[in-house]
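Let me begin by presenting the structure, written as C-alpha cells, before commenting on it.
The values are calculated or read from the model by the stated rules, or taken from the named source; none is laboratory data. Owing to the predicted nature of the structure, the values given are computational and were not obtained by experimental measurement. Cβ placement follows ideal geometry from the backbone for every residue including glycine, while neighbour counts extend to all protein chains displayed. Accessible surface is based on the protein model in full, side chains and every heavy atom, while ligands, DNA and RNA are left aside. Shrake-Rupley method; radii C 1.70, N 1.55, O 1.52, S 1.80 Å.
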Amino acid sequence: MTPQQRMRQRLENLQQHLSNENPILVEVVDRYKQLDSIAKNMGLIKPGESYATQISWWPLISVLGTFSAGKSSFINSYLGLKLQETGNQAVDDRFTVISYSSDSESRTLPGLALDSDPRFPFYQVSEQIEAVAFGEGSKIDNYLQMKVVPSESLRGKILIDSPGFDADEQRKSTLKLTDHIIDLSDLVLVMFDGRHPEPGAMQDTLEHLVKGAQRRNDSSKFLFILNQIDTSAKEDNLESIVAAWQKALVQAGLNTGRFYVMFNKDLAVPVEDQGVWDRYLAKRDVDYTAITERMEAINTERVYRLIGNIESLSNQIEQQAVPQLSVARSRWRKRVLLLDTLVLGLLAAVVGSILWLFGSLKEWLSNPEGLLSNWFALGIIIGFVVLCLIIHFLIRRWSAKAVAKSLSSETSYGDLSAAFLKSARAWTSIFRTKPVGWSKRISGKLSAIRNDVDQFVQKLNDNFSRPSGKES
C-alpha cells in the first residue's frame, strides 16, 4: 500500500469514527482533504501527508513541568484513583498517555500501542523521533506508554503525564515529543514546584515551555500552576511566594496565560492556625475548580479548534506561503538572469574570439549564407548553444538550492523550501511570477473553504446561543 493509499484509508476511518460523534466533523475532514489537495499541488506537503493528521481529533490535555512539581498527584486526584506513581524524585521517564476504558481495571500498554494506531495523535511518532535522534525511533517504548483507566472524569478526552522536564538530560527526542504534545494539546498545564519557585529551579522549564508559549497563536491554552503551595502555610507567606514566582515568569518574557496555585488536600498536612489553613484551602479550591472547569470545557473547545485550524491554514497558505514563494521566485529569477549574463556573456566572448581567430566570424558577418558551408564554425556555434543551455539550467538549479536554504522547511502550513524547489523545476519558466499550483481559481477555492468554516461555526453556535431568542 502506497503512502497516499494509507493516508486515504486513515482519513476514511477517521470520518467513520466521527460520524457517530458529530456529523459536522465528517464535513470538516472533507475540507481538510481539499486543503491537502491545494497544498500538495503547491509542494507544501508530500503526497502521503495530510493537515488532518497534524492535529488531534480527540480532546487532549497535557501536564508538563519539573519532576517534583506534583503532576502525578494532581492526575491521581483528578481521576479519582491512584494511577501514577508519586514521589520527590523522577519515578518514570516516559510520557504516559491516559485514556478512558469501560473495563473495571486499569491496564498499561507499550508505546507501540500508540505509535501503530492511527486513531491516536502519536501515530508513527517514532519516525519523528528517529529524525532528531538516530536509532531512537525503534525504542518507542522507552518514550511512550499508554494507560487505560475506568475513570468517568476521563471519558471523551486524553490526558498526558510527562516525565520530569529536567530529567533524562533533556534528550532531543524528549524535547521533540514535548513540542509534538504541546502542538496537539487543547490545554497545557505547566506545573512548578511550590517548594522551589525560584528562577534557578525553573530554568529549563522557563526556557522550553514559557518562552515557547509566548510565541504561539494559541497561548491561551497554557495554564501556569504553582503546585504544592501548602508547604508555605506554616510561614503564611503565600502571597510573597506567588509574587516571586510570577515575577520570574514575567522576567522570562511571559506576558500571557493564566496563573493558579494548588495543592493536593489528601496529601497536605494542615497547620495549627485554622484561619491560615482555611485561607489556603479557599484559594486552592477556587483555583482547582477553575482548572478542572477548563479541562471539562475542552470537548466543546476541541470542535471549534478543529474548524478554526482550517481557516488558519487557509489564510496562512494565501497570506504567508504564496507571498514568500513569490518573493523567493523573484530573487531566484534575478540571480539566474545576473549569472546568465555574466557566465554566458564571458563564454560568448571566448567563443567569439576563437571564431574570429579562425576567420569564421568575420566571414559569417560578411556572408551569413556561407555559414552552412563552414562546418567548423557551425559546429562551434551549435556546441555553444548547447553549452549555454546546460550552463543555464545548472545556474537555475544552483540558484534554486541557494534560495531554498533561506526558506523554512517546518511551518504549520508545510515545507516552504520544498514548495519553492517544485516551483523552480527545469520546465518552469523563470518569468512565471506565481508559485506552481497557485492561481485565481485556487484562491477562489480557499475562499469557499473559509465560507464553509463560517457555516460550520454558525451551526455550532446554534447549539449554545440563539441571539434572536427564538427556538429553531
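Summary of computed values
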{"read-out": "Accessible area per residue in Å² at 1.4 Å probe, computed on the stretch 1-66", "value": "43 Å²"}
{"read-out": "Low-density loop cleavage sites - chymotrypsin sites (Phe, Trp or Tyr not before Pro) in the stretch 259-290, where at most 12 other Cβ are within 10 Å (DSSP)", "value": "none"}
{"read-out": "Stretch gain in nm, segment residue 320-residue 432, where the contour uses 0.36 nm per residue and the Cα spacing is subtracted", "value": "38.5 nm"}
{"read-out": "Pair residue 259, residue 390: separation of 7 Å Cα→Cβ label points (nm)", "value": "6.9 nm"}
{"read-out": "Separation in nanometres of the label points that stand 7 Å from Cα toward Cβ, at residue 460 and residue 112", "value": "3.8 nm"}
{"read-out": "Packing-based order for 450-456, 156-162, using average beta carbon neighbours within 10 Å, highest first", "value": "156-162, 450-456"}
{"read-out": "Pairwise label distance in nanometres, residue 304 with residue 9, each label 7 Å out on the Cα-Cβ vector", "value": "3.8 nm"}
{"read-out": "Packing rank of 67-79, 435-447, 308-320, where each peptide gets the mean count of other beta carbons within 10 Å, highest leading", "value": "67-79, 308-320, 435-447"}
